[in-house]
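Accompanying notes for the structure given below.
The values are calculated or read from the model by the stated rules, or taken from the named source; none is laboratory data. All figures in this text were calculated on a predicted structure; none of them were measured in a lab. Here the Cβ positions follow ideal geometry from the backbone for every residue, glycine too, while neighbour counts run over all protein chains shown. Protein only, heavy atoms only, side chains kept; ligands, DNA and RNA dropped before computing areas. Shrake-Rupley method; radii C 1.70, N 1.55, O 1.52, S 1.80 Å.
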Amino acid sequence: MRTRLAALLACVMSLTVVSAPAEAARPAVALGSVVPAPVQVRPHGSAFRLTASTVIEAPPSARGVAGRLAQALRPATGYRLPVVHRSRPGTPAIALSSSHSEARLGAEGYRLGVRASGITLRANGNAGLFAGVQTLLQLLPPEIDAGTPQRSRWTVPGGEIVDHPRFAYRGAMLDVARHFHTPDEIKRYVDEISRFKVNHLHLHLSDDQGWRIQIDSWPRLTTVGGAPGTGVDGAGGGYLTKADYRDLVRYAADRYVTIVPEIDMPGHVNAAQVAYPELTCDGVAPPPRTDTAVGYSSLCIGKEVTYRFAEDVIRELAAMTPGPYLHIGGDEAHATTDADYVAFQERVLPLVTKYGKIAYGWNEIAQAPAAHRAIAQYWGLATENATLTAAVAAGTKVIMSPANRAYIDMKYDSTTPIGLSWAGYIEVRTAYDWDPGTHLAGVPESAVLGVEAPLWSETLRDLDDIEFLAFPRLAALAELGWSPARDWESFRTRIGAYGPRWTYRGVDFYPSPQIAWAG
């Protein structure tokens, strides 16, 4: 495990170390102590106590969500918590219903009611039930995340929560190209982000340093581009087979997370050109790159093989991706002329549509008229972008990821042992204190699909590194995507109370001195 000594020393004077506290020292969880903050919270009545007699009631259509709730509750409580279709009268029950009809809840909202006699969780569908389950788990004592039997009073505060998301798209991005992260590491990340109602995981699958997804029609992409010695510093070899990828897609879907694959082009293609020199203009393979420079590679825009390559990759990736989006990159194509860049996008963006997906790219794609039917991911530092504003007026939708707010690979401060700093230092409040709906001049909230937190992997080597840079900032960004309003003082208290849950689960989070961590 990578040592976090530098960061911990920076925090030690202002932080109480989180430990597994005794039951008597743990205050009761308040009904509103949830991240992301719910839309409406109405405390009232008596708390519900989970006991050995409690059952989980769910219709057949919701048994998957009910079973996941039971799996989350059983290890720490030691209770059986059987999942039943109907409970007997008088039996204490957590009752799930996915046939609720309430328009304002939408597909992901829920209504949670807690009384001494039982808990009801209602939603219009299973995605809403899953979101409600994440809230319910946060209303139990933190020891519920211990994974082993604990002595605790398993109570849930009484009242009602009505909740639904502000934005439909709430995402995290993980770069597996510059350093390959294993399927198990990716699954662990899915587990953690889904707890905060993040519903998309964008996988950056190719870059100059490596190619990480099997493409049958171009097999050397992975046998060469994913070989040992690829990645930054030659430390990140590996790739996802199609079986690996499909398994990840299923795993994420079980947690109501949609996988968004990205193949970056026309720039960031050095690994592809090492494997297939015909993708260069002179037909000569470039040397492999393991450094962190950007902007030097480009597909050859005038060669037809470029478009055969692009179409083959898009076709195969679309065929194994059930989600609606396919990301084609498009950033930092400094080695491509402006005219060639637009010509490339005019041919390639429609290929995504041809294979049944919604085209998605970094905000540079807005230069091309074809992007008017696509999604542009804004990653700039400024609060205005004339090209993107014009594209939005013509129909482009936007995902907000301003690098100086949402790039969670940035260092927290000058003492952070890993991460970059080109977009500035991003402490937790910096990540939290902005509004995705008003951030970019000329881009109204109606054009914003949501917010995403990219995590680039130049300095990452393992799961601990992922967790350390992601948390707690990803939770802050998740709240911006879900909750209707921001309240920093409330958030720092709620995420501070959440800290022991990360500790129980072994998550290597950054103990920011800005947060009021629970002792």
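The charge dipole of segment 135-273, taken about the Cα centre with unit charges on the Cβ atoms of Lys, Arg (+1) and Asp, Glu (-1), comes to about 300 debye, rounded to the nearest 20. The phi torsions of segment 63-78, fed into the Karplus equation with coefficients 6.51, -1.76 and 1.60 and a -60° offset, translate into couplings of 5, x, 5, 4, x, 5, 4, 4, 4, 6, 8, 5, x, 7, 7, x Hz, rounded to whole numbers, with Gly and Pro shown as x.
Would you please give the FRET efficiency between Tyr355 and Val305, computed as 1/(1 + (r/R0)^6) with r the Cβ-Cβ distance and R0 = 30 Å, to the nearest 0.05?
Between Tyr355 and Val305 the formula returns 0.95.
Stretched out straight at 0.36 nm per residue, the stretch from Asp184 to Ala343 would grow longer than its current Cα-Cα span by 53.3 nm. The listed peptides 273-285, 177-189, ordered by packing as a protection proxy, come out as 177-189, 273-285 (highest mean of other Cβ atoms within 10 Å first).
Lysine pair count for the chain (Cα-Cα distance under 25 Å; residues 8 or more apart in sequence or on different chains): 13. Label-to-label distance, Thr148 versus Glu489, with points set 7 angstrom from Cα along the beta-carbon direction: 4.0 nm.
Taking Cα atoms only, the orientation of helix 473-482 departs from the longest principal axis of the chain by about 80 degrees.
Spin-label pair His334-Thr438: with each label point 7 Å from Cα along the Cα-Cβ axis, the two points sit 3.5 nm from one another.
Given +1 at the Cβ of Lys and Arg, -1 at the Cβ of Asp and Glu and no other charges, the dipole of the chain around its Cα centre is 2560 debye to the nearest 20. Between the residues Ile259, Gly229, Asn199, the greatest Cα displacement towards the positive end of the dipole of segment 136-273, with unit charges on the Cβ of Lys, Arg, Asp and Glu, is found for Asn199.
Dipole size of segment 345-437 about its Cα centre, with +1 on Lys/Arg Cβ and -1 on Asp/Glu Cβ: approximately 480 debye, rounded to the nearest 20. Accessible surface computed residue by residue for segment 126-224, with neighbouring protein chains in place and a 1.4 Å probe, gives 24 Å² per residue.
A Förster distance of 25 Å, applied to the separation of the beta-carbon atoms of Cys281 and Ser217, puts the FRET efficiency at 0.70.
Counting helices only, and only those DSSP H runs with n ≥ 4, report the 222 nm mean residue ellipticity of the chain as the sum of -39,500 (n - 2.57) divided by its residues, in deg cm²/dmol to the nearest 500.
-9000 deg cm²/dmol
Annotation for segment 107-168 versus segment 322-381: alpha-carbon center distance of 39 Å. Note on Ala386 and Ala52: their simple-model spin labels are 7.4 nm apart, each label 7 Å out from Cα toward Cβ. Computing FRET efficiency as 1/(1 + (r/R0)^6) for Ser61 and Arg429, where r is the C-beta to C-beta distance and R0 is 45 Å, gives about 0.60.
For the chain, the share of DSSP beta bridges that are antiparallel, to the nearest 5, is 30%.
Surface composition of the chain: carbon and sulfur atoms hold 54% of the protein heavy-atom accessible area at a 1.4 Å probe. Scoring 94-103, 155-164, 236-245, 380-389 by mean Cβ neighbours within 10 Å over their residues and listing the highest first yields 155-164, 236-245, 94-103, 380-389.
For the pair segment 460-519 and segment 422-451, the centres of their Cα atoms are 18 angstrom apart. When Rg and Dmax of the Cα atoms in Å is computed from the coordinates, the matching label among (i) 24.4, 79; (ii) 23.5, 78; (iii) 26.9, 89 is (ii).
Relative contact order of the chain: what whole-number percent is it, with Cα pairs under 8 angstrom and at least 6 residues apart? Over the chain, the number comes to 16 percent.
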